[in-house]
1. Which of these, Thr32, Thr20, Thr124, has the largest mean-square fluctuation under a Gaussian network model of the chain (Cα springs below 10 Å)?
2. What does the highest-first list of 192-204, 65-77, 107-119 look like by mean Cβ count within 10 Å?
3. Taking the Cα atoms of the range 14-105, what is the range of coordinates along each of the three principal axes, in descending order and whole Å?
4. At 222 nm, what helix-only mean residue ellipticity would the chain give, in deg cm²/dmol to the nearest 500, using -39500 (n - 2.57) for each DSSP H run of four or more?
5. For the chain, evaluate the Debye formula with one uniform point scatterer on each Cα (no solvent term) and list log10 I(q)/I(0) at q = 0.08 Å⁻¹, rounded to two decimals.
6. Using only alpha carbon pairs under 8 Å that are at least six residues apart, calculate the relative contact order of the chain and give it in whole percent.
7. Run the Debye formula on the Cα coordinates of the range 123-244, all scatterers equal and no solvent, and tell me log10 I(q)/I(0) at q = 0.22 1/Å.
8. Using a Cα-Cα cut-off of under 16 Å, which lysines could be cross-linked to Lys162, ignoring same-chain neighbours fewer than 8 residues away?
Amino acid sequence: MNWRSIWAIYQFEMARTFRTIAQSVLSPVISTVLYFVVFGSAIGSRIDAVDGISYGAFIVPGLIMLTLLQQSVSNASFGIYFPKFIGTMYELLSAPMSFIEIVMGYVGAAATKAVMIALIILATSALFVDLRIEHPFWMLAFLLLTALSFSLLGFIIGIWAKSFEQLQLIPLLVITPLVFLGGAFYSASMLPPFWEVVTKFNPVLYLVSGFRWSFFGVADVPVGISLFAVTGFLLLCLGFIWWIFRTGWRLRE
């Protein structure tokens, strides 16, 4: 394992974050604070407790998950797309590195940035609502597994994209709607029976549900299924990336 090469990629990607800290860190944190103000204060004051939890506290895991997914995908996709855009991808492919080492560098940096922002938002949320974390170990486990799996998805999107427009297509038109419809701001049990069943076909529901369980001990689906879903998605993305490097799909175009 070429740890020096992994560290070089990781350092480069992290340095890019701190060079653009206003865009990379402050912007998503401010956006989430606005969600707290609108949903937690303005709307939450008119909504009864959900499963015995105040609405302001109930939406915290969903807001963190929304930001985590968006940041994981966007950071990883831009990180690998940029070498394609400026033409340094061939130097990367010709270096004495395996695909695992390349992925570890880019995905590790993207996941680190996403988790860092998620933890800042978690700390910020304590200024607005009273929070409790019943299962801190599982909270961190879901946080890390989700960040890694969606950073892998972002890596795939970055390889697939042929323009900056395509780079933003899936995060804006797929990821964000799935999070909003995946129980980020409500419990699936609040829906009519038919729509509750439909919602359970949304894969993001299992991520939000498991993450919320780690906070409050309540979930829309069994936590074991949530853990299985995020782990399975991570392995699926790893398998697809292995196929990309094995075949050279979109890498040598």
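Values quoted throughout were computed directly from the atomic coordinates according to the rules given, and no laboratory measurement underlies them. These numbers come from a predicted model, not from an experiment. Glycine gets a Cβ as well: all are built from the backbone with ideal geometry, and neighbour counts include every protein chain shown.
1. Comparing Thr32, Thr20, Thr124 in a Gaussian network model of the chain, the most mobile one is Thr20.
2. On the way: 192-204: 13.3, 65-77: 26.6, 107-119: 23.5.
Averaged packing, sorted descending, gives the order 65-77, 107-119, 192-204.
3. Taking max minus min along each principal axis of the Cα atoms, the range 14-105 gives 59, 26, 18 Å.
4. Working: 12 runs with 173 residues, N = 253.
Mean residue ellipticity, 222 nm, calculated: -22000 deg cm²/dmol.
5. -0.32
6. Values: 310 pairs, mean separation 64.2, N = 253.
Taking the mean separation of contacting Cα pairs over the length of the chain, I get 25 percent.
7. -1.30
8. Hits, sequence-local ones excluded: Lys84.
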